[in-house]
Amino acid sequence: MNDARPRWRARRARITGVLAASVALAAAGAAVLPALAASAGPTLAQVATARGFHVGTAAEVNSLASSQWRYVADSQFNSVTMGNEGKWDATEPAQGQFDFAAADAIADYTAATGKRLRGHTLVWHNQLPAWVSAERTAAEQRQVLIDHVTGVAGHFAGDVAQWDVVNEPFNEDGTLRSSVWYTRLGEDYIADALTAARAADPAAKLFVNDYNVEGVNAKSTGLYDLVRRLQARGVPIDGVGLQAHLIVGQVPSSLRQNIERFTALGLSVEITELDVRIPLPADAAELTQQAADYRAVVGACAAVAGCTGVTTWGVGEVDSWIPEFFPGYGAALLFDEQWQARPAYSAVVEALGGTATVPAPPPVPSRATVAAYPFETGLDGWGSRGGETTAHVTTVAHAGTGSVLSSGRTATWQGPTRPVLDLLTPGKLYTVTGWARTASGSGTARLSMQRQNGTATRYENISATTAIGTTWTRLSGDYLFLPGATALSLYLETTDTTGDLYLDDVTIETEGPPVSQSPSASVSASVSASASASVSPSASRSPSVSPSPSGGSGTACAVRYTTDDWGSGFVGTVTVTNTGPSAVNGWTLRWTFAGDQRVSQAWGATLTQSGAAVSAANATWNGTVAAGASVTLGFLAGYTGTNARPAAFTLNGTTCALT
Ligand SMILES: [Ca+2]
């Protein structure tokens, strides 16, 4: 304990940018919560806390930078589990070189908001840096394990209530998995890890955590037998974690019986990673079944004295791992893509003995465009990473007439790049979007940041997807800019080919302050009714700052509207030409959809939808349209039925000709 305090202080001191942002958001959240509680009844966290129960969410540092995530998590959960930040590849990327920057941000968030912290995870077979599995003797491997557990658990000593010390050690038949740990150290690695964790942090409750161990089955019996062997040897173990990544309608009937056989051993039990995934699109019957599933799981835990908490693996659709890892599934958590409570939310509150009041959704933040590169007049500051050629071309374009062509590439990492350090603020979360296409054939295109901190260089991937030569592919992802960079460059590369590569319409966006008049009520009502999980949440509903259009009188315009359909969704492209005699300075283009089209993402304009009516206001960089010039905006939308075209468009109130 003597050295725990200086380490704790050092940890707090190191957190600057991210923590500062977190604390600022916490303060904002605190100001909002009393009013919400007074008008909307107790939150899930308040219901849980009142009965000494823990309802948690996994958290990642990216999520902490989202005001909407924070709004829901701050008020609805009283426990937080490290998402990826506590895993080996994050905490000890090189042997003996610990990096707690990201995990500290999670710990500081829980400290600032009074939530319990679950540590996850000390020993696992996944997300291990390569050095861990390098050839070495068993004695050396054991020391690697003990040094890691000691370093990480020691760093968080006093802050972590529970550690998932060993994660997923079992095969489905109840035998131990042939991981690098088991094959080199045998079953003893589990006892070694638990013993080292207890020594490093005597106060933390030590758990073994696994999946498919929710019901009584061969795997959970393997876990049960392991616990008994550990207890017989006097090895410290305090609990078992049942992950509970479930499929709708498939809660094991023996869940409670299974929980009870572990608590009968004197252990605590927690449901540690609950989600209930649904084949998309989720319909009302499935959401009702899901609510029953959540009620069953939380009810089974709450009914057993030693079952002390339930953690869901994320808050809502935005931070759920399911859509990415189980393609075709989603809608797995308590909140939807608009941060509206799903029926399962009320079921969980009621399973804990509370009376459910559906919480108000968080204010929709405005979107601020930090930078946009349309490549209409040149390279916009972009260049080459290596010996390849980077050129402004007008042969193909995603929007407008220009794009960037990267040719003569001799390595996959070569591609267009641009320094962006001066544009970004440490601790802020950005959405980076670009459109790529190959000159021919297919390849995997990837948007990344090259980040330098002095002489150390890191490559941080933002988005990767297959690009082909016949159409443009959208790359979009979040990027959390952590403090300490000395250089930062955004770049496009491929992972598997060296063919010619096009890039167009790169944007960097971030959250602005909440919009004063949130449109979320009308938007979310229709979204939650259809329970559509296929449309991601978006910038599109943020009205942001309305420009004051000028040149409204006398405006003459022509509009070309094209769509790229795939049955349930489409990319719409709208090109507006100023056919009047003078420049337009600031513009708003309006149209009304003929069907139930609903926009989820937009570029080239700030797009607001209310019912079928759409208003697209110019972005900061394309507000001026010279006489005879054109501007193009685009959007991603979903629909049912037929994708009928809008009948008319107006620019600053004047009806445009259709071309
Ligand atoms: Ca372009």
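Going from the residue with the fewest nearby Cβ atoms within 10 Å to the one with the most, Asp565, Asp201 rank Asp565, Asp201.
Please report the relative contact order for the stretch 437-512, taking Cα pairs under 8 Å with a sequence separation of at least 6, and give it as a percent rounded to a whole number.
Value for the stretch 437-512: 41 percent.
The angle between the Cα long axis of helix 520-530 and the main principal axis of the chain comes to about 70°, on a 0 to 90 degree scale. Based on the Stokes-Einstein relation at 10 °C and a viscosity of 1.306 mPa s, and on the Kirkwood radius from alpha carbon pairs, the stretch 57-107 is assigned a translational diffusion coefficient of 137 µm²/s. Its relative contact order, with pairs defined as Cα atoms under 8 Å and 6+ residues apart, puts the stretch 366-512 at 35 percent.
Legend: calculated FRET efficiency, Leu265 to Arg51, from the Cβ-Cβ distance at R0 = 22 Å, rounded to 0.05, equals 0.40.
Take the Cβ-Cβ distance between Thr486 and Thr377 as r, set R0 to 22 Å, and report the resulting FRET efficiency rounded to the nearest 0.05. Walk me through the intermediate numbers first.
Working: r = 31 Å, r/R0 = 1.39.
Calculated value: 0.10.
For the stretch 120-177, what class follows from the C-alpha gyration tensor (a ≥ b ≥ c being the square roots of its eigenvalues): rounded when a/c is under 1.5, otherwise prolate if a/b is larger than b/c, else oblate? Oblate shape, in that a/c is at least 1.5 and b/c is the bigger or equal ratio.
Counting only alpha carbon atoms, the long axis of helix 218-232 and the longest principal axis of the chain meet at about 50°.
If R0 equals 60 Å, the separation of the Cβ atoms of Ala648 and Ala218 corresponds to a calculated FRET efficiency of about 0.40. If each residue of separation counts as 0.36 nm, what is the full-extension length gain between Asp225 and Thr624 once their alpha-carbon separation is subtracted? Additional length available on full extension: 136.5 nm.
Only beta bridges with both residues in the chain are counted; by DSSP, about 75 percent of them are antiparallel.
Ordering Phe207, Phe570, Phe100, Phe325 by the number of other Cβ atoms within 10 Å of each residue's own Cβ, fewest first, gives Phe325, Phe570, Phe100, Phe207.
Against the chain, whose longest principal axis is taken from its Cα atoms, helix 101-113 shows a tilt of about 80°.
Along its principal axes, the chain has C-alpha extents of 88, 58, 43 angstrom, given from the largest down.
Counting only Cα atoms, the stretch 366-512 measures 39, 35, 25 Å along its principal axes, largest extent leading.
Computed from the coordinates by the stated procedures, all read-outs in this text should not be read as laboratory data. Remember, predicted model here, so these are calculated numbers, not experimental data. Don't worry about glycine lacking a Cβ; one is built from the backbone with ideal geometry, like all the others, and counts go over all protein chains shown.
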